[in-house]
Structure formats: C-alpha cells, structure tokens
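> Got a structure for you, questions after.
The values are calculated or read from the model by the stated rules, or taken from the named source; none is laboratory data. This is a predicted model, so every value here is computed, not measured. So basically every Cβ, Gly included, is an ideal-geometry build from the backbone, and we count neighbours across all protein chains shown.
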Amino acid sequence: MNQAVRSCFLLGDDLVTGKNFDHRKAWMETKLELQAGNFGIDLLGSAILSNHFHLVLRSRLDVVETWDDTKSLDAGSCFALNVSTTAGPPKEPSEPELNSIRNDPDKVKEIRNRLSDISWWMRLLCQHVGQRANADTKETDLAALGAKF
C-alpha cells in the first residue's frame, strides 16, 4: 500500500481544487505492466484509488535465478540502473554502459537482486508517477510547494 503525500488526490476528483486526475491512472497501469514484464515479481492484484493504491506482489527470486546474465541485463538494466525519462518508459542504456556492467560481477549481482526486490519495484513506480504528477501540475519547486501548504 502506498499513499500520496499531504492527502493529495493523485487520481480522481480533488474536492479542494475541483480538478480531475483520472488520466494518471493510465500512467500507473502502463508502468505496472512494464515492470511486471521485466522484473522477477508477480503482480497478483491492484487497486488504484483517489489518494492511494494497493498492490499484491510476490517476489520471484527463483525466476530471476534461472536467467543468465544477458537475460538479466536485457530484462532489467534500464530499471535497475534507474535510467528513466519522466513521461515514457526507461531509456535504454548505451552499449558502453552495458559493457561496464557486464565486466563488473558485483554490478551484475546487484541488478539481479533488484529484479526481485519489491522495495526497488515500489521506488521506481512511485518515483515515475511522482515525477509525472509534478510535471502535470507544474509543481517542481519544493520550497514553493511547501509554502502553499
């Protein structure tokens, strides 16, 4: 379960401002599908409400352990490296970035671990949605944002 800060309405109708944010549900659904297809984590259920959401996730380290290093890097390097763009899917790492990982057994191990780590999954999901929501409402200055509340 995760809740929006300041009881903001991430989705649905915000009774304070009168704005509707239903379009953001598609962002979450797309991101969830993308992550479910690339992580060793099963997305068993979800409920996305106005100011919070619930996910039922199952870590599948056993699945990730069957992937070779190439499959692990293909499946998750852009997620595990946290190389992303605000509006779209994570940007693919460059060949030099991938080579630097391939030649570093500790980094490969770290990526493999992240591919079944629910905390990492949630971090990437919340970061993506938060960045897009801030861009959507043009709220980027934290000091100014704090001054409003």
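> So, of the residues in the range 16-62 that are without any contact (Cβ under 8 Å) to a residue 24 or more places away in the chain and of a type in the set (Gly, Ala, Ser), which turns out to be nearest to THR137 (Cα to Cα)?
Within the range 16-62, the match that is nearest to THR137 (Cα to Cα) is GLY18.
> Restricted to the range 90-118, and to residues that are under 18 Å from ARG60 (Cβ atoms) and either part of a loop (DSSP other than H, G, I, E, B) or not β-branched (Val, Ile, Thr) (or both), which residue is farthest from the chain's Cα centre (by Cα)?
The qualifying residue farthest from the chain's Cα centre (by Cα) is LYS109.
> Now a separate question. Specify the residue that is nearest to LEU10 (Cα to Cα); the eligible residues are those in the range 39-69 that are in a strand (DSSP E or B) and either touching a Phe, Trp or Tyr at 6+ places or on another chain (Cβ under 8 Å) or aromatic (Phe, Trp, Tyr) (or both).
In this case the residue turns out to be PHE53.
> When you scan the range 61-80, do you find a residue that is of a type in the set (Ser, Thr, Tyr), modelled with pLDDT of 80 or more and surrounded by 16 or more Cβ atoms within 10 Å (Cβ to Cβ), even just one?
No, the conditions are met nowhere in the range 61-80.
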